[in-house]
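These notes are about the structure you will find just below.
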Amino acid sequence: GQHIDDLADHVAAFHERARCDAETSKHGDVATIRANVRENFEQTRGSIGEYLDEDQARAIERWQLDVLGDEARFVARASTRRVRDGHGDLRLEHVYFEPDGSIAIIDCIEFNDRFRFGDVCADIAFLSMDLAWHGRVDLAERLLARYACATHDYLLYSVVDFYESYRAFVRGKIASFLAVDAETTAATRARAKQEARRYFMLSLAFERPPLVAPRVIAVGGMIGSGKSHTAAVIGELLAAPVLSSDRTRKRLVGSAPTESLRGEAWSGAYSEEVTAAVYRELWSAADTIVASGRPVVIDASFRSEATRTAARGVATRRDVPFTLIECIAPRALLLERLAKREAGGAHESDARTDLLDEFEARFEPIEELGDDEHIQLDTSVSSTDNRRRLEALLSL
């Protein structure tokens, strides 16, 4: 799991500094992507019947072209500067974890800009597809969730299934070429034929719902109650992306995730206006993730009935379950945690001991949700016990 997190962070850092301009953005144009997709189907038209039945082959082609028919989602990728000069061939076999903990990624495509310029999601989807190919869909989802968090690119969930299917089809196409290459050995051709079928079947599988059912899990509570830790554990258990109000707020005001804004309590970055913008971003990102058929975890205080109702609304509109997990702990422990945070320096949350009284006064009791949707989690007990309880709550 840690290797996957490190890899996601490494690729995120690479993409963040990658070239992004009018020239690279052209390669995110739907017409360009559609031309590549049609080329794949044309090049396999005579051989695909060796690997799939006619209905399966038609289903892949129809689904990929149907997704491209919703052009807005691809236009949004280019307009949010997500079409960049990437790697182009980001497969697991090109990734090396060095003994010193560093990561080396080799064989970037240099001979053809067309194969390297594209949506960053097409790069990360190559890795997630490869993990799925190796039977680790859980790690594929973990990689996507970590990458989305590191880049604040939750919009990738609107196109990632398409790019995974696309990448799998390309690998199937290449294997199908090798399967009829007279210059290779019979054993190589036989192995390539097996691989081609697996890749084509995987390409078809990405149009189906992911393994973990979609749901919205809100994690709220008092400052110092362990919300972020609990949200992270749930995210890990479900291999789901975690949306954080703290990280979103810092990004909106142009600050680093651990840069302190604590002098602005209830004003500035914490004004009602900025807070409303933060929650709008959270609901939008959550909706995109759930629409892709995946669960999402939202880490925020949820101190007002309005924010809780809005989070529940995301689930209701998509007809998926909603759960609010309220983290609780004795007041003395809240103060102890906040004091430790204060002494520790940089932290994503700006909440400190002097805010607890006012935060308590502003926290609206959770009375609008039934017991089936509102669960209290005492974070004063051991993290191992709470992990087990969360596994039971999530039916894992």
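The values are calculated or read from the model by the stated rules, or taken from the named source; none is laboratory data. Please read all numbers here as calculations on a predicted model, not as lab measurements. Cβ sites come from the backbone with ideal geometry, for glycine too, and all protein chains shown count toward neighbours. Ligands, DNA and RNA are excluded from the accessible area calculation, which covers all protein heavy atoms including side chains. Shrake-Rupley method; radii C 1.70, N 1.55, O 1.52, S 1.80 Å.
Quick look at the numbers
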| item | result |
| --- | --- |
| First in segment 79-94 and more than 14 Å from residue 154 (Cα to Cα), second anywhere and of a type in the set (Val, Ile, Thr) and assigned to a helix (DSSP H, G or I), Cβ under 7 Å, 6 or more apart | 83/24; 84/24; 84/120; 85/24; 86/120 |
| Of all residues in segment 80-92 being open to solvent by 20 Å² or more (accessible area, probe 1.4 Å) and at pLDDT 90 or above, the one that is nearest to the chain's Cα centre (by Cα) | 82 |
| Boolean, residue 167 is surrounded by fewer than 21 Cβ atoms within 10 Å (Cβ to Cβ) and outside any loop (DSSP other than H, G, I, E, B) | no |
| Residue in segment 71-78 that is closer than 17 Å to residue 122 by Cβ and open to solvent by 80 Å² or more (accessible area, probe 1.4 Å) present | yes |
| Residue that is modelled with pLDDT of 90 or more, open to solvent by 70 Å² or more (accessible area, probe 1.4 Å) and closer than 28 Å to residue 138 by Cα, where the choices are 15, 3 | 3 |
| Residue satisfying all of: in segment 180-205; assigned to a loop (DSSP other than H, G, I, E, B) and without any contact (Cβ under 8 Å) to a residue 60 or more places away in the chain; surrounded by the most Cβ atoms within 10 Å (Cβ to Cβ) among these | 184 |
| Qualifying residue in segment 53-68 (condition: over 19 Å from residue 162 (Cα atoms) and outside any helix (DSSP H, G or I)) | yes |
| Helices (runs of 4 or more DSSP H) fully within segment 96-153 counting 3 or more residues that are in contact with a Lys or Arg (Cβ under 7 Å, 6 or more places away or on another chain) | 120-133 |
| Some residue of segment 144-152 being small (Gly, Ala, Ser), without any contact (Cβ under 8 Å) to a residue 40 or more places away in the chain and either in contact with a Phe, Trp or Tyr (Cβ under 7 Å, 6 or more places away or on another chain) or farther than 24 Å from residue 57 by Cβ (or both) | no |
